[in-house]
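Take a look at the structure set out below.
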Amino acid sequence: MQSEYCEYLRQRSPASILLRKLFFIPIAKYFSGRVLDIGSGIGEFLEYYTDSIGIDIDRDCVTFCKSKGLNCLHADVYKLPFDDNSFDGVLLNNILEHLEKPGVAFLEIKRVLRNDGKLLIELPGKKGFYYDKTHVKFWGKKEIVDFLEKWSFKDIRAKFFPLPFEFAGDILTHNKLRVFAINSKKDMLHIEV
């Protein structure tokens, strides 16, 4: 029997699956080189961007990805099984809001992401956040930008998608906040994790 989460992902409507694939077009164009997809689910980004590897904590999602020939590992964001500076990019698509210890996760993300590597985070708006009971922290635009600045990311751009207005996330479940940033390996400000 598959996990409830994996089953949910696999049973979405064709329109929902198409919408997700359209969402990945600008994400894939942002990256170049090897990309780590943290929380890869059923591998939609992995299918779209071939020079990628996914991790997920849901064993059924990992098994499903592997059955499609995708490069995916059962792993935890708090202890990534990769060498330092292994990736040119890291994607957290609807993951950060689930994390109880984002600082611990970012210690690992900074470790595996090369200097000047690209980070892309996608976060739900308020309606999407409250729709899912497994979400633990709502990240507004100011909160995520401040968080990334503390972690010495640069060139941070945050924008709402597909509608470019914050209020759209208050009324539409699938309006997101997309955050683009570049990693800097310079000394980080004092950060409590």
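Below are the figures for this structure:
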quantity: Test: residue in region 66-80 that is farther than 12 Å from I38 by Cα, touching a Cys at 6+ places or on another chain (Cβ under 7 Å) and not hydroxyl-bearing (S, T, Y); calculated: yes
quantity: Subset of region 83-106 (residues that are surrounded by fewer than 16 Cβ atoms within 10 Å (Cβ to Cβ) and either touching a Cys at 6+ places or on another chain (Cβ under 6 Å) or not charged (D, E, K, R) (or both)); calculated: N85, G103, V104
quantity: Residues satisfying the stated conditions in region 15-72, i.e. of a type in the set (S, T, Y) and either under 15 Å from the mean Cα position of the chain (by Cα) or more than 20 Å from R157 (Cβ to Cβ) (or both); calculated: S16, Y30, S40, Y48, Y49, T50, S52, T63, S67
quantity: Looking only at region 146-184, and only at residues there that are more than 27 Å from K21 (Cβ to Cβ) and basic (K, R), the one that is surrounded by the fewest Cβ atoms within 10 Å (Cβ to Cβ); calculated: K154
quantity: Selected residue [in contact with a Pro (Cβ under 7 Å, 6 or more places away or on another chain) and either in a loop (DSSP other than H, G, I, E, B) or not hydroxyl-bearing (S, T, Y) (or both)] from L107, L73, L120; calculated: L73
quantity: Any pair with Cβ under 6 angstrom, 6 or more apart, that starts in region 128-145 at a residue that is surrounded by 14 or more Cβ atoms within 10 Å (Cβ to Cβ) and ends at one that is assigned to a loop (DSSP other than H, G, I, E, B) and hydrophobic (A, V, I, L, M, F, W, C); calculated: F129/F138
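Readers should treat all values here as calculations from the given coordinates under stated rules, not as data from a laboratory. These numbers were taken from a predicted model, which means no experiment stands behind them. All Cβ positions, even for glycine, are placed from backbone atoms using ideal geometry, and neighbour counts span all protein chains on display.
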